[in-house]
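Participant: Have a look at this one.
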Amino acid sequence: MAQVLEDKTKNVAYLGTVIPSLSATFIYREILEIERRGYSLHIYSLHRPDPKSLSAESLPLCARTYYLLPVRILRLLFAHFHYVSVHPIRYFRAIWKMLIPVHDRLKNRIRSLLHFGEGVVLAYKMEQDDISHIHSHYASQATSVARVIHLLTGIPYSFSAHAHDIWHDRLLLREKLDEACFVSCCSSYGCRELSRRGNAGVEKKIHVIYHGIDVRHFIPPSVQRRNGNQILAVGRFDLMKGFSDLVTACHYLQREGVMFQCCIVGGGEEMGNIESLVRKYGLAGRIHLPGAIPQERLLQFYHEATIFTLPCISTRNGRHDGIPNVLVEAMATALPVVSTPIGGIAELIDHEKDGFLVKPGNTRELAARLKQLLQDAALRRRFAEAGRTKICSRFDNQKCIEPLINLLERKCGLRSAKSDGRSELQDSMVDSEPDNRYAALL
């Protein structure tokens, strides 16, 4: 008699540092898209976000996400006592493996000790939840906690690497690359760096999976709303975004008598420095700083802008972007873009075909390209149409999610709640290609 094997749905955990987060919308959108396909995920987050800072689309995730920190002292002590008494060898081996490998600074060794403390608590919770696989976002803090859970319980893990966790915060990266079932990265550029950081053969488990966006939401305006001289930039106010270079470029545009307005949307630690630079150059009447805004309002800014720019740089400590999602969103709304070939941006923008790439930190070249686009409507239309077409073809989230789902199914046992493994959304994709007719209105 043939043995009948039960196709049991396995419990796959998604782990992040902060879920959901306005500065990492691609994570919660990835979760939502997977679940729209009929798959079920268990969501865990190390930190709880401020609900006031979140978009309406992400708020429902808060109610069903398990937040680890702050940890109640009794829960912390109980979890550690449990593993010391029940699995003492695993417990002390996990401490050894987190602390003994090479750390470039004492601070990072202390961080690994803290991650161990957190991981023990979350390991107990995940065993209670019968988790069979962990997929974490960012190779640094969240994946360190996933590694602790793996060392204590044997639950396998995979992770997605993005930007600062590849080039700057490489905490125990080699060890994580060795242990992970698979690794995804949002750019080929990042994949090459990960392969270089791992042991021989690790490149076989690293996969390029671009962050997709909903191209049915990020569409060009249905009527002409663009005023012809509005420069838009969106992002966290961080040195690596290059916003100070944008302000300086605007100073050059003003000196040359170019008609323009500039809006820089976002918030963060560099806001004060940007405001000071705006005052220094006398640009208060030209540059608008509305602060951080929810996703529900962002489309309006894209629709009212003429061109989009994000002049990214690499900071002195090696921090820089991968492929910023706002560039993808801007191109989807048929905005011509100006950026720099930092990280994986050159994989998104083809210079002089669907945007301009300028040398990082070259404010005069940035000003010249902005001026060129402001004064050439035909060039704007050409870039806009090419950019929209590219995003619909290569960065549609319903397409980009497929390789990740395939990996989660093959490597982690993820199963759809639907009997045939396909959701109604997947079935409808055949007849729901992104509508590109709006480009003619630009």
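The values are calculated or read from the model by the stated rules, or taken from the named source; none is laboratory data. Predicted model only: the values in this text are computed from it and were never measured. Neighbour counts are summed over all protein chains in view; Cβ atoms, including those assigned to glycine, are modelled from backbone coordinates with ideal geometry.
Participant: Scan region 112-132 for residues that are within 26 Å of the chain's Cα centre (by Cα), buried (at least 19 other Cβ atoms within 10 Å of the Cβ) and either part of a loop (DSSP other than H, G, I, E, B) or not aromatic (F, W, Y) (or both) and jot them down.
Facilitator: S112, H115, E118, G119, L122, A123, M126, I131
Participant: Let me ask something else. When residues of region 169-178 are filtered for being buried (at least 18 other Cβ atoms within 10 Å of the Cβ) and without any contact (Cβ under 8 Å) to a residue 40 or more places away in the chain, how many remain?
Facilitator: 5
Participant: Please determine whether any residue of region 219-233 is closer than 29 Å to E57 by Cβ and part of a helix (DSSP H, G or I).
Facilitator: No; the residues of region 219-233 include none that is closer than 29 Å to E57 by Cβ and part of a helix (DSSP H, G or I).
Participant: Turning to a different aspect of this structure: Within region 195-226, track down each residue that is within 18 Å of L404 (Cα to Cα) and touching a Cys at 6+ places or on another chain (Cβ under 9 Å).
Facilitator: Hits for region 195-226 are E203, K205, I206, H207, V208, I209, Y210, H211, G212, I213.
Participant: Right, something else. Please work out which one of (1) surrounded by fewer than 19 Cβ atoms within 10 Å (Cβ to Cβ); (2) under 19 Å from A142 (Cβ atoms) is the condition E35 fails and give its number.
Facilitator: For E35, the exception is condition (2).
Per-residue answers, yes or no, for (1) under 17 Å from V326 (Cβ atoms); (2) hydroxyl-bearing (S, T, Y); (3) surrounded by fewer than 20 Cβ atoms within 10 Å (Cβ to Cβ); (4) in contact with a Phe, Trp or Tyr (Cβ under 9 Å, 6 or more places away or on another chain):
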position: P341; (1), (2), (3), (4): yes, no, yes, no
position: H351; (1), (2), (3), (4): no, no, yes, no
position: F356; (1), (2), (3), (4): yes, no, no, yes
position: K359; (1), (2), (3), (4): no, no, yes, no
position: A367; (1), (2), (3), (4): no, no, no, yes
position: L370; (1), (2), (3), (4): yes, no, no, yes
position: D376; (1), (2), (3), (4): no, no, yes, no
position: L379; (1), (2), (3), (4): no, no, yes, no
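Participant: Now for a separate question. Could you pull out the residue among P336, P324 that is touching a residue at least 24 places away in the same chain (Cβ under 8 Å), touching a strand residue (DSSP E or B) at 6+ places or on another chain (Cβ under 8 Å) and within 23 Å of A24 (Cβ to Cβ)?
Facilitator: Values: P336 fails: within 23 Å of A24 (Cβ to Cβ).
Result of the check over P336, P324: P324.
Participant: If R64 satisfies every condition in (1) among the basic types (K, R); (2) over 14 Å from A123 (Cβ atoms); (3) surrounded by 15 or more Cβ atoms within 10 Å (Cβ to Cβ) but one, which is the exception?
Facilitator: (3)
Participant: To continue, here is another question. Which condition number does S393 fail, the rest of (1) crowded, with 16+ Cβ neighbours inside 10 Å; (2) hydroxyl-bearing (S, T, Y); (3) modelled with pLDDT of 90 or more being met?
Facilitator: For S393, the failing item is (1).
Participant: Of all residues being of a type in the set (D, E, K, R) and within 19 Å of T248 (Cα to Cα) in region 270-317, which is nearest to the chain's Cα centre (by Cα)? Just the residue, please.
Facilitator: That would be E270.
Participant: What number of residues within region 43-61 are buried (at least 16 other Cβ atoms within 10 Å of the Cβ) and acidic (D, E)?
Facilitator: 1
Participant: Hey, among the residues in region 86-111 that are aliphatic (A, V, I, L, M) and under 23 Å from H168 (Cα atoms), which one's surrounded by the most Cβ atoms within 10 Å (Cβ to Cβ)?
Facilitator: M98
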